[in-house]
Amino acid sequence: MIARAIFALLLTVAVAAHANEPKKVDTTKAGTRKTIATKLNWLPFDSVQKTFPVAPKPLFLYISEKGCDHCEYMDSEVFNRPEIARFVNENLTPVRVDIYLNTPLKVRDSLLDERTFRKLLSIEGIPAYYFFDTTGQVIGVLDSQMDLLTFKQMLVYIGQGHFFRTPWNKFILMPEALEANVNKIFELVPSGKK
């Protein structure tokens with residue numbers, strides 16, 4: 001009887017743990033099969049703190065706050081989309097900081113409280129988006145919520161390296177930034193299609 005109860009408990013825990021794993025979408029393109037995460041793989045700040053803001057891929061630092069309507073919009077309408085997760089996970093190093101946690105952030109060898117962290121990055125609004133190239137140079141700083149198309153355009157601008165050669169105000173007028181072209185970049189090939 002006790003053995004059955006323990007088994008049932010372990011099975012419940014295993015099922016619950018599996019339910020929390022990021023879902024994956026199988027995509028097939030030109031005869032190749034690729035499994036992609038449908039969830040954005042946010043890294044905690046402490047995973048990059050020793051080298052911040054240098055990372056192997058451009059660093060996307062997203063700063064949110066509890067009770068922020070714009071942050072909730074970004075979570076529910078933008079960040080939860082599989083095409084956004086795929087693009088960000090493949091092209092950027094996504095790091096999320098929830099500043100409402102009041103946990104000091106270690107930046108290299110210094111512990112920073114929320115106020116000092118805000119001051120260091122000159123955070124004026126929440127949510128805030130900071131993009132750094134692989135050498136740690138700031139590429140762009142934005143705040144407030146963004147509609148899906150604008151966020152996709154920004155990701156193409158950063159993730160494909162347009163920022164190296166083209167100012168944003170010129171990029172947004174280029175064919176690469178047109179809605180149809182941006183949406184093609186973010187298309188997911190449904191499972192089983194070639």
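A compact table of results
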| item | result |
| --- | --- |
| Test: residue in region 158-169 that is at pLDDT below 90 and among the hydroxyl-bearing types (Ser, Thr, Tyr) | no |
| Strands (runs of 3 or more DSSP E) contained entirely in region 39-139, each with at least 2 residues that are touching a residue at least 60 places away in the same chain (Cβ under 8 Å) and either more than 22 Å from VAL182 (Cβ to Cβ) or of a type in the set (Ser, Thr, Tyr) (or both) | 59-64, 105-107, 128-132 |
| Given (1) surrounded by fewer than 17 Cβ atoms within 10 Å (Cβ to Cβ); (2) closer than 20 Å to TYR157 by Cβ, number of the condition ARG108 does not satisfy | (2) |
| Matching residues in region 69-80 - criterion: being crowded, with 19+ Cβ neighbours inside 10 Å and out of contact with any strand residue (DSSP E or B) (no Cβ under 7 Å at 6 or more places or on another chain) | MET74, PHE79 |
| Residues within region 105-125 that are in contact with a Phe, Trp or Tyr (Cβ under 9 Å, 6 or more places away or on another chain) and at pLDDT 85 or above, tallied | 2 |
| Some residue of region 174-190 being aromatic (Phe, Trp, Tyr), surrounded by 13 or more Cβ atoms within 10 Å (Cβ to Cβ) and part of a loop (DSSP other than H, G, I, E, B) | yes |
| Top-ranked residue of region 45-67 - restricted to ones that are of a type in the set (D, E, K, R) and either farther than 11 Å from VAL95 by Cα or within 12 Å of the chain's Cα centre (by Cα) (or both), ranked as surrounded by the most Cβ atoms within 10 Å (Cβ to Cβ) | GLU65 |
| Residue list for region 96-132, filter: touching a Gly at 6+ places or on another chain (Cβ under 9 Å) and among the hydroxyl-bearing types (Ser, Thr, Tyr) | TYR100, TYR129, TYR130 |
| Selection status of GLY161, within 21 Å of ASN89 (Cβ to Cβ) and touching a residue at least 24 places away in the same chain (Cβ under 8 Å) | no |
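The values are calculated or read from the model by the stated rules, or taken from the named source; none is laboratory data. Only a predicted model underlies this, so the values are computations on that prediction, with no experimental measurement involved. Don't worry about glycine lacking a Cβ; one is built from the backbone with ideal geometry, like all the others, and counts go over all protein chains shown.
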